[in-house]
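S.K.: Once you've had a glance at the structure underneath, I'll fire off some questions.
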Amino acid sequence: MTSLVARGLALATRLHPTDLVISDPSLVALVGPNGGGKTSLLRSIARVENAAGNVFVDGECVDGTPPARRRRLLSFMPASRDITWPIPVRDLLGLGADAEDPSRIEALLHTLELDLLADRPVNQLSTGERARVLMARAMASHPKLILLDEPLSNLDPYWVIRFLEIFRQAVHAGKILIVSVHDLSQLRHFDRAILVADGAVQLDKAPAELLSDERFENIFRITLAGADEWTVKQPADQRSLR
Ligand SMILES: Nc1ncnc2c1ncn2[C@@H]1O[C@H](COP(=O)(O)OP(=O)(O)OP(=O)(O)O)[C@@H](O)[C@H]1O
C-alpha cells in the first residue's frame, strides 16, 4: 500500500515548514490562489529544488536515492509545457522508462492516443498534445507517487475527462497522485483537497467540506453563487480604471 510521509518541507520565502502524510492510494487536489505555494509544495516533494525536509515514499527516503530507483518512487510533471528539444515523442518517453520494459512505452502511446505522433519532435506539437506526452512521461517508470502541476490546463473537454479517468485508474493500481488544479468544478473527482495559500497548508479536507468552509471563500475571495458558480467576494478597487 503506497504511502507518502513528508516532514519539514520548506523553501525560503515561498513555503513555510510543512508536513504532509498520505497513507493510502488516493487522488489529492492542491488548490489555492495564484502565488499561494502549490508549485513550491509539489517541487519540494519532488526534490527538484533544494528544499528543506525529508520525503519518504513507502518508508523509503527519496533524498540520496539513485536516479533509477528514485523514478520508481516518484515522478513530477511541471506546469510548463515548454520543450525546446526536438526529440521524438517515443524517444522522450524512453528516457523515463526502464530499458527492460519497452512495452510500457507502446502502452502509454496507446493510452494517451499518441500513436500517430510518436515519431514527431515534441517541440512541434501543440500545447495540449505536449501535455499528453508529459503525462505519459510521468507514468513511464511506474512511480508510486505522481506529482502533477496543473495537468488539466490546456486540455480540451475530452482530454480533461480522459485524464481524470487515467488518474482514477492509477489510484486503483495503488498509486498516490497529487494534482494542482484551478477549476473548482473538478474537485468532486478528488478524494482529498488541500488548500495552499501564503506558503502554507490552510485547509486539508474532503473536497465538499473544503468548498463549504468559510475560510475557503475568504482565502479565494469568492462566494458560491450556485452549482459550480462563483462570484467575486471583494471586488478590487476599480478607481484606477476610471
Ligand atoms: N523561483 C522562485 N524564486 C523565488 N520565488 C518564487 C519562485 N517561484 C515562485 N516564487 C514565489 O513563490 C510564491 C509561490 O509560488 P508558487 O509558484 O509556488 O505558487 P502557485 O500556488 O503554484 O501559483 P500559481 O497558481 O500562480 O501557479 C509566489 O509568491 C511566487 O512569486
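The values are calculated or read from the model by the stated rules, or taken from the named source; none is laboratory data. Being a predicted model, the structure only gives us computed values, none of them experimental. Positions of Cβ are backbone-derived with ideal geometry, glycine not excepted, and every protein chain shown enters the neighbour counts. Note: accessible area is taken over every heavy atom of the protein model, side chains too, but ligands, DNA and RNA are not part of it. Shrake-Rupley method; radii C 1.70, N 1.55, O 1.52, S 1.80 Å.
S.K.: Please work out if I22 is open to solvent by less than 10 Å² (accessible area, probe 1.4 Å), under 16 Å from the mean Cα position of the chain (by Cα) and either of a type in the set (K, R) or away from the ligand (no atom under 16 Å from the Cβ) (or both).
M.R.: yes
S.K.: Suppose we keep only residues that are of a type in the set (G, A, S) and modelled with pLDDT under 95 within segment 179-230. Which one would you say is nearest to E150 (Cα to Cα)?
M.R.: Filtering segment 179-230 for residues that are of a type in the set (G, A, S) and modelled with pLDDT under 95, the one nearest to E150 (Cα to Cα) comes out as S185.
S.K.: Just to be sure before I move on: is D91 of a type in the set (D, E) and outside any helix (DSSP H, G or I) in the structure I sent?
M.R.: So D91 fails the test.
S.K.: Say we look at segment 29-43 and pick out the residues that are in a helix (DSSP H, G or I), open to solvent by less than 20 Å² (accessible area, probe 1.4 Å) and near the ligand (Cβ under 6 Å from one of its atoms); which of these is nearest to L211 (Cα to Cα)?
M.R.: Quick first cut of segment 29-43, residues in a helix (DSSP H, G or I) only: 38-43.
Those still in the list that are open to solvent by less than 20 Å² (accessible area, probe 1.4 Å) too: 38, 40-42.
Filter once more, keeping what is near the ligand (Cβ under 6 Å from one of its atoms): 38, 40.
Values: K38: 17, S40: 23 Å.
So the residue we want is K38.
S.K.: So which residues in segment 1-41 are over 22 Å from N218 (Cβ atoms) and among the small types (G, A, S)?
M.R.: Of everything in segment 1-41, those that are over 22 Å from N218 (Cβ atoms) and among the small types (G, A, S) turn out to be S3, A6, G8, A10, A12, S23, S26.
S.K.: Identify, by number, the condition in (1) away from the ligand (no atom under 13 Å from the Cβ); (2) farther than 22 Å from A170 by Cα; (3) in contact with a helix residue (DSSP H, G or I) (Cβ under 7 Å, 6 or more places away or on another chain) that L92 doesn't meet.
M.R.: Of the numbered conditions (1) away from the ligand (no atom under 13 Å from the Cβ); (2) farther than 22 Å from A170 by Cα; (3) in contact with a helix residue (DSSP H, G or I) (Cβ under 7 Å, 6 or more places away or on another chain), the odd one out for L92 is (2).
S.K.: Filter segment 44-55 down to the residues that are of a type in the set (G, A, S) and within 11 Å of the ligand (Cβ to nearest atom) and list them by number.
M.R.: Matches in segment 44-55: S44 only.
S.K.: For segment 206-216, state whether one or more residues are farther than 22 Å from L9 by Cβ, loosely packed, with under 13 Cβ neighbours inside 10 Å and over 22 Å from the mean Cα position of the chain (by Cα).
M.R.: yes
S.K.: Of the residues that sit in segment 48-70 and are more than 25 Å from P17 (Cα to Cα) and not hydrophobic (A, V, I, L, M, F, W, C), which one is farthest from the chain's Cα centre (by Cα)?
M.R.: Taking segment 48-70 as the starting set, the residues that turn out to be more than 25 Å from P17 (Cα to Cα) are 66-69.
Keeping just the survivors that are not hydrophobic (A, V, I, L, M, F, W, C) gives 66-67, 69.
On the way: P66: 23, P67: 20, R69: 21 Å.
Top of the filtered list is P66.
S.K.: Do you know which residues across segment 44-59 are in contact (Cβ under 8 Å) with a residue 60 or more places away in the chain and not in a strand (DSSP E or B)? Step through it out loud before you land on a result.
M.R.: Here is the first cut: in segment 44-59, the residues in contact (Cβ under 8 Å) with a residue 60 or more places away in the chain are 45-46, 57-58.
Within segment 44-59, I45, A46, D58 qualify.
S.K.: Still on this structure: For segment 170-190, give me the residue count where each residue is under 20 Å from E229 (Cα atoms), in contact with a Leu (Cβ under 6 Å, 6 or more places away or on another chain), in a helix (DSSP H, G or I) and hydrophobic (A, V, I, L, M, F, W, C).
M.R.: 0
S.K.: So which of E150, E129, E113 ends up being within 22 Å of F167 (Cβ to Cβ), charged (D, E, K, R) and surrounded by fewer than 16 Cβ atoms within 10 Å (Cβ to Cβ)?
M.R.: On the way: E150 fails: surrounded by fewer than 16 Cβ atoms within 10 Å (Cβ to Cβ); E129 fails: surrounded by fewer than 16 Cβ atoms within 10 Å (Cβ to Cβ).
From the options E150, E129, E113, the qualifying one is E113.
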